Amino acid sequence: MATKPRVPFEYRDASGRAVASASVTVYNAAAGTIATLYDPNDVADATITISNPMTTDANGRVLFAVAQGAYTIVASGGSSPTLTIPYFCAVGL
């Protein structure tokens, strides 16, 4: 199985403060379905899946691994507005 890159994501409010305990969901961009996420410490084998959605830590961060493809990351929590960003994961570039 191909190596899956680690993807760090950090959610901050408009003032730049970390948003702890926020929900972060990763979707397959084309299908709009929830993506399969992998344990970032298992990128070589990519056999261990992790929960999607995830919850940010005290620093507003999550870390995951995904297969090559196009994704949409949606984060929401606290008093911050929902953040939706496109993400493209390319392996071997």
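The values are calculated or read from the model by the stated rules, or taken from the named source; none is laboratory data. Every value quoted in this text rests on a predicted model; they were computed, and no experiment measured them. We place every Cβ from the backbone using ideal geometry, glycine too, and count neighbours over all the protein chains shown. The protein model used for the area step is the full one, side chains on, heavy atoms only, and it has no ligands, DNA or RNA in it. Shrake-Rupley method; radii C 1.70, N 1.55, O 1.52, S 1.80 Å.
Things worth noting here:
- Heavy-atom accessible surface of the chain: percent carbon and sulfur, 1.4 Å: 53
- Surface accessible to a 1.4 Å probe, per residue, for the residues of the stretch 20-93, Å²: 54
- Gap separating the Cα centres of the stretch 49-89 and the stretch 1-39, nearest whole Å: 2
- Ranked packing of 28-37, 65-74, most packed first, by mean Cβ within 10 Å: 65-74, 28-37
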